[in-house]
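Take this structure first; my questions come after.
The values are calculated or read from the model by the stated rules, or taken from the named source; none is laboratory data. The structure presented is a predicted model; accordingly, all values stated were derived computationally and were not measured. So basically every Cβ, Gly included, is an ideal-geometry build from the backbone, and we count neighbours across all protein chains shown.
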Amino acid sequence: MDGTAALMAGDEALFAQLRDGGPINLPRAYEIMDRFGIDGFVLGDPLNVFHLLGYWPQIGVTRMGQPPTSFAILSRNPDLAPAIVTSHFIYYYTFADAGARGRLAAYLFQDAGDAGGEARQVPAFAGFFADKGAAPLTGVEARRRLITDAAVDTRAIFADAGGALVRALKDMGLWQGRIAYDHAVTRLVCEHHERPGSLIEADNPLRWIRVVKSPLELALMRRGAAGNAAAVEAVIAQVRAGVPYRDLRRLFAQESAARGNRAVFMTIDRVSSDLPGDDAVGDGQSLFFDGVGHFQNYHGDYARTVFVGEPGPAARRTAQAAEAGWKAIREQLRPGLRFSEVTRIGMETLRKTGADGLVSFGPHSVGLMHTDEPGEIRGGFYAKPDLLLEENMILSVDCPSLDTGIGGSVHIEDLVVITRDGAEPIHPLGNHIITI
């Protein structure tokens, strides 16, 4: 079995777990809901729907340019299963493909919109993917029909999205109390129906949930990070003097796809723009490759410094100082350490090495987003908080040089999981400094 096949060998087991439900850390979710006084989440952003249900809506604001018509709902009552509100069409056409979803409650509707008044239920549209009987149903057709019919038999279809959402909130005991929402559609429906409860924005509480990973999330992170690191290493193996940066960036997308990942971006020698340019690898240059890609929406973040031939002494000293700082940090990571202390350890190591350059040691959490952590809200903006490290947090520490005129660029970055009494990498480390 080659390296790529070995990397992907466990993918089907991960897919099976996602079909059983979302990767969200539910105990953590209930803890955060208690902390913020939240009675329930109503989530329409596809990323958040995926986190709760393990399902990415095909029609959503992030990819299709439309307001959400699929919603995931979570009650603070752990005895109540999550619910999905979506159209009859989408439930059949995409959601049912993953198979039955245990106790998940489904509230299906016929048309987008909100006519107001009471939530009206309507018969299933007789012509909706009707079986003509001219040939046996295909496997896809039979699966979709079986699962969708079971949902319709449990609960009749609602006339419109607003009515379905209102009924779901009432059934789940969320018509009053405090709801956290992530899209204006939810707020507008609640106002339209004069819902008596209060509303808050969900983004920051959701980040507080996501910063500590469930076992499934950790498995997805390990898989995504390993695939991402391998894709970056495959690009570095093709580096030669004269190769354009844009060609290497395209290669990263190909190498990511070959490993079942999706490329998000690759920064080469501090250049991140996708616009065509003439930047190319130079002989004797130091340059870094920082690649971010994801597997099932869980991101890897991996950077290495590459010397093309013999680098200048300033670049070599800076790279060695960055590597020493990151090593010292890794050895001291543990729950209870603050972000500011992580940076302090790196800077103290720089001083001990006698380095005269500036390397930034910037910690951040990684998960469903490249920077997946809560913020301190300041006038609508997020400021970086001085977070405490917690067990099962995924941490990146960016270690780039912030100096110019040293013969190129330097950066080192890995992902580690915070354990009960330390930290461990979630992908192979290999060499932090690579000479071509």
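Residues that are over 17 Å from Ala423 (Cα atoms), at pLDDT 95 or above and out of contact with any strand residue (DSSP E or B) (no Cβ under 9 Å at 6 or more places or on another chain): does the range 287-296 have at least one?
yes
Do we have Glu424 as in the same structural domain as Val235 (by TED's automatic domain parsing), free of Cβ contacts under 8 Å to residues at least 12 places away in the same chain and closer than 22 Å to Glu331 by Cβ here?
yes
Hey, among Ala168, Ala184, which residue is farther than 26 Å from Phe15 by Cα, surrounded by fewer than 17 Cβ atoms within 10 Å (Cβ to Cβ) and either free of Cβ contacts under 8 Å to residues at least 60 places away in the same chain or out of contact with any Lys or Arg (no Cβ under 8 Å at 6 or more places or on another chain) (or both)?
Testing whether each residue is farther than 26 Å from Phe15 by Cα, surrounded by fewer than 17 Cβ atoms within 10 Å (Cβ to Cβ) and either free of Cβ contacts under 8 Å to residues at least 60 places away in the same chain or out of contact with any Lys or Arg (no Cβ under 8 Å at 6 or more places or on another chain) (or both) leaves just Ala184.
Here is a follow-up. Residue under question is Val239, and the condition is that it be under 23 Å from His432 (Cβ atoms) and at pLDDT below 95; does it hold?
no
Here's a follow-up. Could you check, for the range 416-423, whether at least one of its residues is buried (at least 18 other Cβ atoms within 10 Å of the Cβ), under 24 Å from Asn228 (Cα atoms) and more than 20 Å from the chain's Cα centre (by Cα)?
Within the range 416-423 (the criterion being buried (at least 18 other Cβ atoms within 10 Å of the Cβ), under 24 Å from Asn228 (Cα atoms) and more than 20 Å from the chain's Cα centre (by Cα)), the answer is yes, since at least one residue qualifies.
Keeping to the range 246-263, report how many residues are over 12 Å from Val232 (Cα atoms) and either part of a strand (DSSP E or B) or not assigned by TED's automatic domain parsing to the domain that holds Gly407 (or both).
1
Within the range 264-280, take every residue that is aliphatic (A, V, I, L, M) and surrounded by fewer than 22 Cβ atoms within 10 Å (Cβ to Cβ) and give me the one that is nearest to Leu52 (Cα to Cα).
By that ranking, first place goes to Val264.
Hey, another quick one. How about the range 291-332: which of its residues are free of Cβ contacts under 8 Å to residues at least 40 places away in the same chain and assigned to a helix (DSSP H, G or I)?
Matches in the range 291-332: Pro313, Arg316, Ala321, Ala324, Lys327, Ala328, Glu331, Gln332.
Something else: Inspect the range 362-383 for any residue being surrounded by 15 or more Cβ atoms within 10 Å (Cβ to Cβ), farther than 23 Å from Arg28 by Cβ and in contact (Cβ under 8 Å) with a residue 24 or more places away in the chain and give the result as yes or no.
Among the residues of the range 362-383, at least one is surrounded by 15 or more Cβ atoms within 10 Å (Cβ to Cβ), farther than 23 Å from Arg28 by Cβ and in contact (Cβ under 8 Å) with a residue 24 or more places away in the chain, which makes the answer yes.
Now for a separate question. Would you point out the residue of the range 393-421, among those that are among the acidic types (Asp, Glu) and in a loop (DSSP other than H, G, I, E, B), that is nearest to Leu287 (Cα to Cα)?
Asp403
Here's another thing I want to ask about it. Can you name the residue in the range 273-290 that is in a strand (DSSP E or B) and of a type in the set (A, V, I, L, M) and, of all such residues, is nearest to the chain's Cα centre (by Cα)?
Per the criteria, the residue is Leu287.
Sticking with this one: Please list, ordered by residue number, the strands (runs of 3 or more DSSP E) wholly in the range 110-204 having 1 or more residues that are modelled with pLDDT under 95 and farther than 23 Å from Phe50 by Cβ.
Hits in the range 110-204: 157-160.
Residues are listed down the side, and each one gets a yes or a no for (1) over 18 Å from Phe109 (Cα atoms); (2) surrounded by 12 or more Cβ atoms within 10 Å (Cβ to Cβ); (3) in contact (Cβ under 8 Å) with a residue 12 or more places away in the chain:
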| site | (1), (2), (3) |
| --- | --- |
| Phe128 | no, yes, yes |
| Pro136 | yes, no, no |
| Gly139 | yes, no, no |
| Ala142 | yes, yes, no |
| Thr148 | no, yes, yes |
| Ala151 | no, yes, yes |
| Arg155 | no, yes, yes |
